[in-house]
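K.L.:
Sharing a structure, written as structure tokens. Questions coming.
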Amino acid sequence: MSEAHWRHKDLLDVEALSFSEITRLLDTAARFMEINARPVKKVPTLRGRSIVLFFAEPSTRTKTSFDVAGKRLSADTFSLGVSGSSITKGESLKDTALTLQAMAPDIIVIRHSSSGAAHFLAERLDCSVVNAGDGRHAHPTQALLDAFTLRELWGPDMAGKTLLIAGDIAHSRVARSNVLLWAKLGVSVRIFGPRTLLPPGVAAWPAEVYDNLDEAVSGVDAIMGLRLQLERQQAGLLPDLAEYARRFCIGRRHLNRAAAGAVVLHPGPINRGMEIASEIADSAQSRILDQVAAGVAVRMALLFTLAMRNEVQ
Amino acid sequence: MQSADRHDAVFLEQVLIPSLHAPGPYNVLACEGKIAACAPAGEFEAPAGVASIPGKGLRLFPSFVDAHAHLREPGFEYKEDIESGLRAAAYGGFGAVFAMPNTSPVNDQAAVTAFMLDRARLRHPFGPRLYPVGALTVGLEGRELARMGELSEAGCAAFSNDGRWVTSTEIFRRGMEYAAQWGRLVIDHCEDEFLAKDTHMNEGAVSGRIGVAGQPTVAEALHVARDVLLSEYLDLPVHLAHISCRQSLELISFAKERGVKVTAETCPHYLCLDDTRLENYDTAAKVNPPLRGARDVQALRRAVQDGIMDIFVTDHAPHAAHEKEVPLDQAPSGCIGLETALPLTYGLVREGLLAEKAFIRMWHDAPAAIFSIPVNNFAVGDPADFFLFDPDSEWEVTRETIHSKSLNTPFLGARLKGRVLAHWLGGHRIV
């Protein structure tokens, strides 16, 4: 299937990926996209492989997406969730990891509330580890599916395009992985959010930081809204939610300032009227549901690539 | 070595003593726990029946003082206990160790102090000597003053809320005043509770990039400023624990210029490592205050060089392996330091940043003066507390070389230069 050799045992963040590796993953995803359009969506590629979905933090969308991706490749997928799991009984991540390892899976997909949890697992396990979101740190498959969505729209040469990421940047693993990925793809990234929700050192990121939403959206080719966790207000980072909705929500007038044909992305789940106006989420410019479809294809591509690498090894 | 039959005497030959005016070589004789003679080598020989210990090329340092350690007993003996902690201290070159009160129960009552001193005397009758630090407030809760009169009488050498903050400036002020009544110094762990809440490393470019909640340097500096102002207002001394950042140093420097009675300590790890050490979420490098940015490290090294920093301490903070083998945000803060402190700080001497005499002052004379404990100036009658140090001996930090029960150190596996070869306290050989 491939020309370039895939070097990575794990996918912990997009940081480790080269431009050609990203391109190859997205190309592979495009082929799976075709399969997903067929009436029978299942291929026997990963028959007999087992994939553990270890989600130590509540998740419906990402977990389902990985589950569907694995099943369409005919892999056996096993879920380990929060409720009823040994995590709630006080088992340490190390012991959970070793227990999972003993079940000899080919790939473990992990979602965890601690930044670095995927690294922690990858250091200790022989099987491939896929980071499905670790704390505020990284969510590489989300960034890849965002790239896939926009590449479908913009074509493979995306250099020169501009993307705005707006909202709670400080606590967002989606923002961190996206900023790194788009920099590799040559897309200019803008960042906008309340100053209390910007991470320290953001000035040194490969992105331009804006204080004003009208200026931030001006002429951009895509806008990515980020979910506002309601607990940020309780933590004293925001005055109140009404103020947030008035000052930081992306509405029609913002979209009108963007470039012609600009689109809107959101990793979901959406707080309608909070970070993104309901009308925008449902508009023709919204690519939010495309992102979901892309998510399955990108995750199929990743699981396939890792399984093939392990076979060669 | 000659055959010896006198065991109450120690004779060291041809040692260098950098703390003296001329470094030597000297011959040193200790009898009955005291220095009996110390003179240029050749001026006198070993008395009959006393073995001569060759010390050519080696340093003889007065036993060092660690004014800040956590020995974990009572309550957390699985991390460390007084026996293992003092053993590690002996091998690290320390003859006096200040044990912080965040044990379980907290050392806020005489019974706990007495228990700790009993353990030390039972397990290490010849030392290292334990100096319990009493809790400044009951249960370290920061609300009511602890019974500092009772605790002083029981043997507490200083008072601190270490590991916890004192949010109420009123309580802290009264603590300084009341401790002074018993001739005791207050050691403040400078940390703003609100700025530091739920943080796991230094706030900066690294924390922003790797997505870990960071503690800003002002969380420390704010309390340093508070303490400096209180100290000046009350005309009472205060000692600032584990200083880690530039802003604190500027405030301390300002205070000293005004003659405020402020003294400060820092630890080897703040001088050797910065927050990039946490890029891979290494819990061994999670300490509190956190490892700071490179500019803070540079500022600390300059403060050591310029004499703004008064003393070194280890902030030896053992934790069991299973406690540290978790994601970064779940790991407790702290690293062990009793056995790595000397080689690490001697590195500053090697780099030419610190004169050997100043190095000894920061580990011996200065802490002894701040906390009013006996010193060894190698004058006749001084306590025979000293150790032989080979600055060129290299060793690797491993389970085999470390005597502490715990092994949580960012220097695990590192090769360090400089080693304690032998250690005497009151003339008794303890290493």
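The values are calculated or read from the model by the stated rules, or taken from the named source; none is laboratory data. Everything numeric in this text was worked out from a predicted model, so none of it was measured. Cβ: placed from backbone, ideal geometry, glycine included. Neighbour counts: every protein chain shown.
K.L.:
So, restricting to helices (runs of 4 or more DSSP H) that lie completely within region B:330-427, which ones have at least 1 residues that are under 14 Å from the mean Cα position of the chain (by Cα) and more than 16 Å from residue B:93 (Cβ to Cβ)? Steps first, please.
P.N.:
Values: elements: B:341-350, B:356-360, B:366-370.
The helices (runs of 4 or more DSSP H) meeting that bar are B:366-370.
For (1) of a type outside the set (Val, Ile, Thr); (2) at pLDDT 95 or above; (3) under 30 Å from residue A:71 (Cα atoms), each residue gets a yes or a no:
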{"site": "A:191", "(1), (2), (3)": "no, yes, no"}
{"site": "A:202", "(1), (2), (3)": "no, yes, no"}
{"site": "A:241", "(1), (2), (3)": "yes, no, no"}
{"site": "A:251", "(1), (2), (3)": "yes, yes, no"}
{"site": "A:276", "(1), (2), (3)": "no, yes, no"}
{"site": "A:282", "(1), (2), (3)": "yes, yes, yes"}
{"site": "A:302", "(1), (2), (3)": "yes, yes, yes"}
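K.L.:
Hey, can you tell me all the residues within region B:208-250 that are among the polar types (S, T, N, Q) and without any contact (Cβ under 8 Å) to a residue 40 or more places away in the chain?
P.N.:
Residue satisfying the conditions is B:247 alone.
K.L.:
For residue B:49, which of the numbered conditions (1) touching an Asp or Glu at 6+ places or on another chain (Cβ under 7 Å); (2) part of a strand (DSSP E or B) fails to hold?
P.N.:
Condition not satisfied by residue B:49: (2).
K.L.:
Picking from B:338, B:328, which residue would you name as being aliphatic (A, V, I, L, M) and either under 27 Å from residue A:120 (Cβ atoms) or within 12 Å of chain A (Cβ to nearest Cβ) (or both)?
P.N.:
Exactly one residue qualifies, and that residue is B:328.
Let's see how each residue does on (1) of a type in the set (A, V, I, L, M, F, W, C); (2) in contact with an Asp or Glu (Cβ under 6 Å, 6 or more places away or on another chain); (3) outside the structural domain of residue B:124 (by TED's automatic domain parsing):
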{"site": "B:319", "(1), (2), (3)": "no, no, no"}
{"site": "B:327", "(1), (2), (3)": "no, no, no"}
{"site": "B:330", "(1), (2), (3)": "no, no, no"}
{"site": "B:338", "(1), (2), (3)": "yes, no, no"}
{"site": "B:345", "(1), (2), (3)": "no, no, no"}
{"site": "B:357", "(1), (2), (3)": "no, no, no"}
{"site": "B:362", "(1), (2), (3)": "yes, no, no"}
{"site": "B:384", "(1), (2), (3)": "yes, no, yes"}
{"site": "B:420", "(1), (2), (3)": "yes, no, yes"}
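K.L.:
Taking residue A:190 as the residue in question, decide whether it is among the basic types (Lys, Arg), over 23 Å from residue A:61 (Cα atoms) and in contact with a helix residue (DSSP H, G or I) (Cβ under 8 Å, 6 or more places away or on another chain).
P.N.:
Here the answer is yes, as residue A:190 does meet what is asked.
K.L.:
I'd like to know if region A:52-73 contains one or more residues that are within 14 Å of chain B (Cβ to nearest Cβ) and out of contact with any strand residue (DSSP E or B) (no Cβ under 6 Å at 6 or more places or on another chain).
P.N.:
Checked against the condition, which is being within 14 Å of chain B (Cβ to nearest Cβ) and out of contact with any strand residue (DSSP E or B) (no Cβ under 6 Å at 6 or more places or on another chain), region A:52-73 yields no hits at all.
K.L.:
Read through the list (1) crowded, with 22+ Cβ neighbours inside 10 Å; (2) within 18 Å of residue B:84 (Cα to Cα), then give the number of the only condition that residue B:343 fails.
P.N.:
So the condition that residue B:343 fails would be (2).
K.L.:
Within region B:276-293, take every residue that is more than 11 Å from chain A (Cβ to nearest Cβ) and over 22 Å from the mean Cα position of the chain (by Cα) and give me the one that is nearest to residue B:324 (Cα to Cα).
P.N.:
Among those residues, the one meeting the criterion is B:277.
K.L.:
Could you list all residues from region A:116-133 that are touching a residue at least 40 places away in the same chain (Cβ under 8 Å) and touching a Gly at 6+ places or on another chain (Cβ under 9 Å)?
P.N.:
Within region A:116-133, A:117, A:118 qualify.
K.L.:
Turning to a different aspect of this structure: In the list B:164, B:173, which residue meets the criterion of being out of contact with any strand residue (DSSP E or B) (no Cβ under 7 Å at 6 or more places or on another chain), in a loop (DSSP other than H, G, I, E, B), farther than 30 Å from residue B:431 by Cα and charged (D, E, K, R)? Even if it seems obvious, please write down each step before you answer.
P.N.:
Working: B:173 fails: in a loop (DSSP other than H, G, I, E, B).
Testing whether each residue is out of contact with any strand residue (DSSP E or B) (no Cβ under 7 Å at 6 or more places or on another chain), in a loop (DSSP other than H, G, I, E, B), farther than 30 Å from residue B:431 by Cα and charged (D, E, K, R) leaves just B:164.
K.L.:
If you don't mind, there's one more thing I want to ask. Out of region A:110-127, which residues are buried (at least 24 other Cβ atoms within 10 Å of the Cβ) and more than 10 Å from every other protein chain (Cβ to nearest Cβ)?
P.N.:
A:110, A:111
K.L.:
Please verify whether residue A:170 is within 14 Å of chain B (Cβ to nearest Cβ) and either over 18 Å from residue A:270 (Cβ atoms) or in contact (Cβ under 8 Å) with a residue 60 or more places away in the chain (or both), treating the condition exactly as stated.
P.N.:
It is true that residue A:170 is within 14 Å of chain B (Cβ to nearest Cβ) and either over 18 Å from residue A:270 (Cβ atoms) or in contact (Cβ under 8 Å) with a residue 60 or more places away in the chain (or both).
K.L.:
Okay, moving on. Select, from A:145, A:153, the only residue that is surrounded by fewer than 18 Cβ atoms within 10 Å (Cβ to Cβ), more than 14 Å from every other protein chain (Cβ to nearest Cβ) and in contact (Cβ under 8 Å) with a residue 60 or more places away in the chain. Steps first, answer last, please.
P.N.:
Details: A:145 fails: surrounded by fewer than 18 Cβ atoms within 10 Å (Cβ to Cβ).
Unique residue meeting the criteria: A:153.
K.L.:
I want to confirm something. Restricting to region B:134-163 and keeping residues that are hydrophobic (A, V, I, L, M, F, W, C), touching a helix residue (DSSP H, G or I) at 6+ places or on another chain (Cβ under 6 Å) and closer than 13 Å to residue B:188 by Cβ, which single residue is surrounded by the fewest Cβ atoms within 10 Å (Cβ to Cβ)?
P.N.:
The residue in question is B:159.
K.L.:
Can you tell me how many residues within region A:11-32 are more than 19 Å from residue A:184 (Cα to Cα) and buried (at least 19 other Cβ atoms within 10 Å of the Cβ)?
P.N.:
Result for region A:11-32: 1.
Results for (1) outside the structural domain of residue A:22 (by TED's automatic domain parsing); (2) modelled with pLDDT under 95, shown as yes or no for each residue.
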| position | (1), (2) |
| --- | --- |
| A:122 | no, no |
| A:152 | yes, no |
| A:159 | yes, yes |
| A:168 | yes, no |
| A:178 | yes, no |
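K.L.:
If you don't mind, there's one more thing I want to ask. Quick check on my filter: what residues within region A:56-83 are at pLDDT 95 or above and more than 18 Å from residue A:144 (Cβ to Cβ)?
P.N.:
Result: A:71, A:74, A:75, A:76, A:77.
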